[in-house]
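K.L.:
Can you read through this structure? Questions will come right after.
Nothing in this text is a laboratory measurement; each read-out follows from the coordinates by a stated rule. As the structure is a computational prediction, the values presented were derived from the model and not from experiment. Every residue, glycine as well, gets a Cβ built from its backbone with ideal geometry; the counts of neighbours run over all protein chains shown.
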Amino acid sequence: MTNTSFLDKIAAVLIENYSNELSNVIVVLPNKRAKIFLIEALKNKVSTNILSPEIISIEDFIQDISGIRSIDPIELLFEFFKVYLSITEKSNQQSFELFANWAKTLLQDFNEIDRYLLDPSYVLSYLKDIEDIKKWGIEVENKTALLEKYIDFWKLLPNYYNSLYTHLSNKGIGYQGLIYREAVNNLSHFSNSISNKQFVFAGFNALNAAEEKIIQHLIASDCAKIYWDVDQTFLNDPYHDAGLFVRRFKESWKHYKSNPFEWIVNDFSQTKNIHVIGTPKSIGQTKITGSIIENIINESRSLGTDASLDKVAIVLGEENLLVPLLYSLPSSVGALNITMGYSSKNNPAQILIAKLFKMHTNALSRNAQDYVLYYKDVLDILTHPLVEPYAKTSALVNTINKNNYTFITHKKLLELHSDPTDLFLLLFKKWENGSIPVLETISKLLQRIKENLSNDNEEEKITKAFVFAIFKTINKLINYYSQHKHIDKIETLYAIYKQVIDLAEVSFEGEPLNGLQIMGVLESRVLDFDTVIVTSMNEGKFPAGKSQNSFIPYDVKRELGLPTFKEKDAIYTYHFYHLLQRAKNIYLLYNTESEGLDAGEKSRFITQLEVEKQKNHTLTHEIYNAVLPETAYQPMVIPKSESVMLRLKEIAEKGFSPSALTSYIRNPIQFYFQKILRIREVEEVEENIALNTLGTIIHETLKVLYEPFIGKFISENDILNCFKQIDAEVLKQFKLVYKEGEIKKGRNLLAFEVAKRNVSNFLKVELESIKSGDAIKILALEQTFERTLNHPSLPFPVLIKGNVDRIEERNGTIRIIDYKTGKVDKVNVILKTWKGLTEDIKSDKIIQVLAYAYMYEQEAKGKPIEAGIISFKNLKAGFLPFAFKEEKEMNSIINEEVLSNYLEQIVVLLNEILEVKIPFEEIII
């Protein structure tokens with residue numbers, strides 16, 4: 001019988017021993033999933049039609065004995081809260097949020113006490129006594145009200161338990177432990193009612209006290225048999241945790257004093273190929289899993305056999321690897337069956353609802369009357385993957401980004417989106433009429449999202465399961481709120497939602513007999529596979545860490561016979577070794593990183609396999625690292641095609657700006673994207689004023705203030721009048737440039753003040769100059785100039801064209817000024833040699849101001865020209881003119897020689913830009 005699956009053996013026993021009365025047999029298995037596999041095993045054993053035995057999970061079986069309906073953790077929490085309010089004085093009642101923090105843990109303890117049939121009064125009084133002893137050292141007069149409340153809490157535990165137990169029993173509902181206790185109480189009555197039934201218990205490992213009592217009672221009544229699945233390697237080793245529970249049952253059960261123990265197998269020591277593979281990070285494990293599956297498919301095809309994956313299982317030690325795994329599997333996988341629970345924390349539908357709560361609660365707290373929404377909250381919703389493809393809001397997103405809407409009233413949002421879909425209206429419906437309408441809106445929203453998803457697409461089917469899990473939770477909240485209308489604050493609703501959502505698991509159910517099996521650890525019980533891939537074989541993941549989520553201390557648990565982390569470890573150990581028991585090819589994947597959120601050292605199970613290596617096991621170790629290329633990044637090289645050359649000629653005709661030339665020097669690829677392909681930066685909401693926006697505002701303000709003086713000499717009075725206009729003009733420019741952006745708060749208010757200060761300081765410098773006798777005549781402001789550059793070496797004439805911030809005549813000299821909001825020092829505009837001018841990006845300011853001088857030269861009519869910069873962050877330095885430094889002499893006047901040398905360098909640069917054989921090559925900094 002070696003390597004025959006456990007369920008095949010059970011099927012054989014059922015056919016051989018119960019063939020005439022199979023319809024009277026009830027097979028009890030550890031979980032529901034194994035039922036379909038057992039039916040398949042039975043089908044393979046018979047050639048004629050037969051009536052199948054009833055196959056049931058242990059939980060459903062015990063529920064049948066007790067006659068009590070099981071309730072889920074969310075409903076249980078609400079029922080407990082109802083009981084808590086009914087037995088607690090109003091002055092001492094906690095909010096649901098505070099209550100849920102300790103109630104979840106207490107319910108787990110109640111569950112354990114009942115499953116192990118302990119006297120609740122004894123256990124809970126024991127806990128109170130422990131807490132009393134801890135506080136013995138505190139004098140009565142030193143006991144604070146908080147401490148008294150703490151002691152009272154422990155005194156109340158028996159009352160909480162009894163009241164909840166009575167309340168649930170009266171309603172015919174219960175949690176697992178209550179159902180188990182009631183099943184034991186109802187055992188005699190149940191035995192009398194099943195005279196002709198035969199029970200077969202199969203594939204169990206760890207049983208709690210209630211399960212032990214029920215199974216032993218039925219075996220003693222001669223109406224039940226139990227078949228274990230334990231390997232002699234583990235059973236005969238007194239220290240091996242995989243056999244811990246079964247060893248206890250074999251030794252302590254009265255039945256085994258005179259009856260054989262069935263079955264002890266010898267499968268683990270058979271031939272196995274065990275591959276231990278380490279790789280950095282969790283995501284690497286999913287990539288390797290995908291490669292293993294691809295290799296299995298390719299090997300099957302190369303041998304000419306069916307590339308079926310029915311006997312292959314992927315067991316995820318961490319549930320959150322499910323989604324990355326699905327993206328890592330090869331397309332050739334075909335049929336896929338996911339059977340596992342998936343936490344709501346990573347559920348995309350839950351993330352959307354959480355964002356919705358954030359947006360609406362923020363709007364209510366900000367100004368409930370105007371219902372003002374924050375742009376980031378709005379964009380978070382509009383760009384969510386469950387919304388974006390279906391809500392038709394791309395134009396709205398662009399409008400918000402383009403106009404800098406930082407805060408948007410609800411009314412304005414609806415105005416901006418002229419053609420809203422039902423989905424959009426549900427997302428942005430005001431939350432102002434209480435909790436039930438809010439929950440009903442969310443419920444309708446989830447239904448609409450579900451309708452948008454297809455059943456044909458595997459990915460969308462999984463998303464549907466996510467949406468449905470949250471939909472069920474929301475509907476439970478509606479039911480709860482309809483009974484508790486006094487809890488009606490949106491903040492409280494969000495707190496309750498956050499508490500209950502942790503208990504809402506997504507259950508995936510597929511076609512178990514077909515294709516690749518993806519499952520959690522618990523779902524693998526009773527099943528056997530030829531190839532097993534186990535991920536997250538790290539301490540704290542597989543086995544799970546030692547969490548103490550209980551009010552009952554470890555030593556008390558030991559004394560009372562309640563399971564501790566030792567027993568929980570033993571359960572994990574059994575599951576792990578059972579996965580390996582009949583498998584031929586095993587892949588154990590772990591994260592090699594020892595630090596980080598998903599890290600941890602290699603699992604002790606791997607070390608155990610190495611230390612206790614079986615003779616027929618081949619154990620290999622590999623470390624997979626991502627292959628790093630010798631060159632991390634290859635610079636982009638774009639050859640100049642015919643269309644690129646046509647575009648360059650077009651630019652030459654329309655005009656090369658000085659900034660285009662410096663853009664090429666900075667990075668030819670940047671020039672290619674901006675000027676050749678004409679790619680603009682993505683519009684985003686500028687929540688805080690960017691430096692370039694601030695620069696635009698200062699430029700535009702100065703232009704408006706100085707425009708009346710074009711062609712005139714400026715007087716002191718003119719400047720004094722300008723001072724009066726600063727506030728109004730800066731505000732006006734802010735609104736023009738920053739559109740709907742918020743300028744009355746936070747950093748933007750500071751930026752507004754900075755803009756006013758910069759303009760004011762500039763005017764002060766100007767006023768001082770006039771007072772000291774400077775004659776200043778404004779010639780041009782923010783004016784565009786151009787000049788064609790003809791040179792024999794250029795393939796065609798090139799127009800140089802640019803916008804000059806200010807041109808003035810000061811004491812007979814033409815001064816061309818470029819404003820800079822950033823810091824510029826004198827050294828940035830001094831040149832020592834013409835050679836290499838266009839190769840050094842540090843010369844960008846010189847290239848710009850000399851281009852302006854070249855363009856304006858003919859307009860100057862022979863007057864001396866200076867060109868330079870006024871830096872708003874260095875106003876004390878005043879005007880910083882370009883100067884050529886030859887030995888110790890500095891010359892700031894731009895004469896023919898300067899322009900001739902400058903043009904020579906610009907022609908070199910233009911020839912490079914326009915040369916068809918020189919590609920655009922990226923500069924990597």
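K.L.:
Quick one: grab the alpha carbon gyration tensor of region 509-647, order the square roots of its eigenvalues as a ≥ b ≥ c, and give me rounded if a/c is under 1.5, else prolate or oblate depending on whether a/b is larger than b/c.
P.N.:
prolate
K.L.:
Please label the shape of region 345-507 as rounded, prolate or oblate, based on the square roots a ≥ b ≥ c of the eigenvalues of the alpha-carbon gyration tensor (a/c under 1.5 means rounded; beyond that, a/b larger than b/c means prolate, else oblate).
P.N.:
Oblate.
K.L.:
Here is a follow-up. As an exercise, identify the GluC sites (Glu not before Pro) in region 798-887 lying in DSSP coil whose Cβ has no more than 11 other Cβ atoms within 10 Å.
P.N.:
GLU887
K.L.:
I'd like to compare 573-581, 437-445: which one has the highest average count of other Cβ atoms within 10 Å, and what's the full order after that?
P.N.:
My ranking of the peptides, most packed first, is 573-581, 437-445.
K.L.:
Follow-up question, since we're still on this one. Whole-Hz ³J(HN,Hα) for each residue in region 327-335, computed from phi via Karplus 6.51 cos²θ - 1.76 cosθ + 1.60 with θ = phi - 60°, x for glycine and proline: what do you get?
P.N.:
With coefficients 6.51, -1.76 and 1.60, one gets 6, 8, 6, x, 5, 6, 4, x, 5 Hz.
K.L.:
Which of the following values of semi-axes √(5λ) of the Cα gyration tensor in Å was calculated from the structure shown: (i) 51, 29, 28; (ii) 76, 37, 25; (iii) 82, 39, 27?
P.N.:
Comparing each candidate, only (ii) matches the computed number.
K.L.:
Further question: Rounding to the nearest 20 debye, state how big the charge dipole of region 642-921 is about its Cα centre with +1 on each Lys and Arg Cβ and -1 on each Asp and Glu Cβ.
P.N.:
560
K.L.:
Tell me, how many Å apart are the Cα centres for region 572-594 and for region 282-322?
P.N.:
That distance is 15 Å.
K.L.:
So, one more: May I ask for log10 I(q)/I(0) of region 1-133 at q = 0.09, 0.12, 0.15 Å⁻¹, from a Debye sum over the Cα atoms as equal point scatterers with solvent left out?
P.N.:
-0.51, -0.71, -0.86
K.L.:
Could you work out [θ]222 nm for the chain from helices alone, using -39500 (n - 2.57) per DSSP H run of at least four and dividing by all its residues? Round to the nearest 500 deg cm²/dmol.
P.N.:
For the chain, the value works out to -15500 deg cm²/dmol.
K.L.:
Right, next: Quick one: order HIS791, HIS189 by neighbouring beta-carbon count within 10 Å, fewest to most. Could the numbers behind the result be given before it?
P.N.:
Values: HIS791 14, HIS189 10.
Starting with the residue having the fewest Cβ neighbours, the order is HIS189, HIS791.
K.L.:
Now for a separate question. I'd like the chymotrypsin sites (Phe, Trp or Tyr not before Pro) in region 96-203 restricted to DSSP loop residues with at most 14 other Cβ atoms within 10 Å, sorted by number.
P.N.:
Passing sites in region 96-203 are TRP136.
K.L.:
Continuing with this model, one more query. Over every pair of different alpha-carbon atoms in region 642-921, take the mean of 1/r and invert it; report that Kirkwood radius in Å.
P.N.:
Computed over Cα pairs of region 642-921, the Kirkwood hydrodynamic radius comes out at 20.3 Å.
K.L.:
Let me ask something additional. Toward the positive end of the charge dipole of the chain, about the Cα centre and with charges on Cβ (Lys, Arg +1; Asp, Glu -1), which of ILE571, ILE351, ILE533 goes farthest?
P.N.:
Most positive-ward Cα: ILE351.
K.L.:
List LYS257, LYS412 from most exposed to least, where exposure is judged by having the fewest other Cβ atoms within 10 Å.
P.N.:
Going from sparsest to densest Cβ surroundings: LYS257, LYS412.
K.L.:
At a Förster radius of 41 Å, what calculated FRET efficiency corresponds to the Cβ-Cβ distance of SER193 and ILE133, to the nearest 0.05?
P.N.:
0.30
K.L.:
Separation of region 518-565 and region 635-675 by C-alpha centroid, Å?
P.N.:
Comparing the Cα centres of region 518-565 and region 635-675, I get a distance of 63 Å.
K.L.:
Which whole-number percent is the relative contact order of the chain (Cα, under 8 Å, 6+ apart)? Intermediate results must be reported in sequence, preceding the final value.
P.N.:
Numbers: 1363 pairs, mean separation 116.6, N = 925.
The value is 13 percent.
K.L.:
Now a separate question. Search the structure for amide H atoms under 5 Å from the amide H of VAL27, placed 1.01 Å from N in the peptide plane, and list their residues when 5 or more places away or on another chain.
P.N.:
The list, which skips near neighbours in sequence, is GLU54, ILE55, ILE56, VAL200.
K.L.:
Pairs LYS213/LYS566; LYS213/LYS541; LYS777/LYS801: which are spaced more than 28 Å apart, C-alpha to C-alpha? Display every interim value, and only then the final one.
P.N.:
Details: LYS213/LYS566 22 Å; LYS213/LYS541 32 Å; LYS777/LYS801 24 Å.
Those over the limit are LYS213/LYS541.
K.L.:
Next up: Given the C-alpha centroids of region 191-226 and region 716-784, what is the distance between them in whole angstrom?
P.N.:
Each part reduced to its Cα centre gives a spacing of 91 Å.
K.L.:
Considering only SER66, MET890, GLN905, whose Cα is most displaced toward the positive end of the charge dipole of the chain, charges sitting on Cβ of Lys, Arg (+1) and Asp, Glu (-1)?
P.N.:
The residue sitting farthest along the positive end of the dipole is MET890.
K.L.:
Also, quick follow-up: Which is farthest toward the positive dipole end of the chain among GLY773, SER641, LEU736, measuring Cα position about the Cα centre, with Cβ charges +1 (Lys, Arg) and -1 (Asp, Glu)?
P.N.:
GLY773
K.L.:
Here's another thing I want to ask about it. Treat the count of other C-beta atoms within 10 Å as a stand-in for reagent exposure and order MET537, MET340 from fewest to most.
P.N.:
Least crowded to most crowded, the residues run MET340, MET537.
K.L.:
To the nearest 20 debye, what charge dipole does the chain have about its Cα centre, counting +1 at the Cβ of each Lys and Arg and -1 at the Cβ of each Asp and Glu?
P.N.:
The dipole magnitude comes to about 1360 debye.
K.L.:
Going down the table (LYS287/LYS546; LYS654/LYS675; LYS498/LYS557; LYS402/LYS744; LYS429/LYS450), which pairs top 23 Å between alpha carbons?
P.N.:
Details: LYS287/LYS546 29 Å; LYS654/LYS675 12 Å; LYS498/LYS557 31 Å; LYS402/LYS744 19 Å; LYS429/LYS450 19 Å.
As for pairs spanning more than 23 Å Cα to Cα, those are LYS287/LYS546; LYS498/LYS557.
K.L.:
If you put +1 on each Lys and Arg Cβ and -1 on each Asp and Glu Cβ, how big is the dipole of region 345-507 around its Cα centre, in Debye rounded to 20?
P.N.:
Using Cβ point charges on Lys, Arg, Asp and Glu, region 345-507 gives about 360 debye.
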